[in-house]
Amino acid sequence: MIGETRRESPSEYIEKHLLNEVTGEMGDNASQELSRMIGIIEYQEKGDASIESELLKLNLSYETPDLNPEDFGRTIIEKFPEFMNNFKEMTSLKLKSGDATLNIFDITPKDVRIFFNPYIDTHIGYISGKKIFIGSDINKPRSILALLHEIGHSHENEIIFQEEKNRGIEPQEDLAQLLVSERNAWAFALKKIKPFLNNPLFKKDAVSLFMKRCLTNYEDKIKKDLLVRKNISGSLKSTIPNEHFDEFLDFPRDPEE
Ligand SMILES: [Zn+2]
């Protein structure tokens, strides 16, 4: 959906570079593998931190933002009000491993702000308007992948949310669009992290499996949403939410949940 050029589509990219590259035994839970800490950051009101492990170096600058409940978006206010405390705002984040470098704010739209919470450890990440929220400390590969995924969403937010917002369309259509958006965001994250896949903290198989399972879980959730909406709504009308909410679950979802 981005551009008209007939290059690899995001799903083709994912097929080629992600789904077929899972080799070897990764165990059940790739996110555990990706939760190894690069280091511990003692957070202050604001500051700079530098941590390093397994030849991966992370340089962070942060401050403490003034956030109001409405900044967090509807899902959090309604479902996870306790989520809103103690966020930090990232003002700079750079990763380095061997020859690979990644400056997070080089790949983030200028008007998008990034918030994360070092004091909780959830699998939640989302984008509400121009604000990205990551529900964990940024000192582990899993959080960095979640952040890259949300930055991926931030690049196409405009397209999805402006034109379609509040236009009553068939759920099949908007859910399909959400899935495309989800694949796009993982394709973006994978491209950006690719130079780091030699680093032991970003084991290629773990990263591939993690993304693959998150995507599968998302697809399952969408299918379920579709069934629920079909059952409760006579008109089948729906609206595109103004936030994109992700749970980075890399284990099989309970179908009855
Ligand atoms: Zn997503």
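Some points to look at:
- Cα-centred dipole magnitude for region 94-154, charges only on beta-carbon of K, R (+1) and D, E (-1), debye, nearest 20: 120
- Pairs from the table (191/224; 94/194; 130/192; 46/96; 194/221) lying more than 25 angstrom apart at Cα are 191/224; 194/221.
- Of the peptides 200-211, 96-107, the ranking by mean beta-carbon count within 10 Å, highest at the top, reads 200-211, 96-107.
- Charge tally in the Cβ shell below 12 Å around residue 39, where Lys, Arg are +1 and Asp, Glu are -1, residue 39 excluded: -1
- The string of couplings for region 196-203 from the Karplus curve (6.51, -1.76, 1.60, θ = phi - 60°) is 9, 6, 7, 6, x, 6, 10, 4 Hz, one whole number per residue in order, with x for Gly and Pro.
Readers should treat all values here as calculations from the given coordinates under stated rules, not as data from a laboratory. Computed from a predicted structure; not experimentally measured. Here Cβ is always computed from backbone atoms with ideal geometry, including for glycine, and neighbour counts include all displayed protein chains.
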